[in-house]
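One structure below.
No value in this document is a laboratory result; all are computed from the given coordinates. What you see is a predicted model, and the numbers here were worked out from it, not measured in a lab. Quick reminder, even Gly has a Cβ in these numbers, built from the backbone with ideal geometry, and neighbours come from all protein chains shown.
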Amino acid sequence: MQGAEPYLTRFDVELPCVVNPTETAVIDAAHKSRINYEVYFFSNEEHRKSFENNPLDYCGILTDPVTQKRFTPEPSSPALMQNGTRFIFSSDSTMNAFRNNPEFYLLPDYEMGL
């Protein structure tokens, strides 16, 4: 979800840090990371970097951007970077479909309404 920060801030939503759930995440773009359509927030830069270096340790279930089905990624799950976002797929065939037409599967550029 793009534009979640103003919405979460307006309603005083507090989220736990993905890497260290005992800490409160900072809700801003500098403390955010995305995989597929999922958005993750962190309490500090160190935790964000740890997540980005080892996302499978923290991300849990993801949505395949092609099939829209939920799956648990594994180290062998196909992945690629597109426009600065990591995409992980449930199969080679869905990764190839995405690679052949990424604009069709990218998250629309919209903002959440307040």
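The table below gives the values:
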read-out	value
Output for the stretch 1-27, where each listed residue is among the acidic types (Asp, Glu) and within 29 Å of Phe89 (Cβ to Cβ)	Glu5
Of all residues making up the stretch 17-31, the number that are within 14 Å of the chain's Cα centre (by Cα) and closer than 17 Å to Cys59 by Cα	4
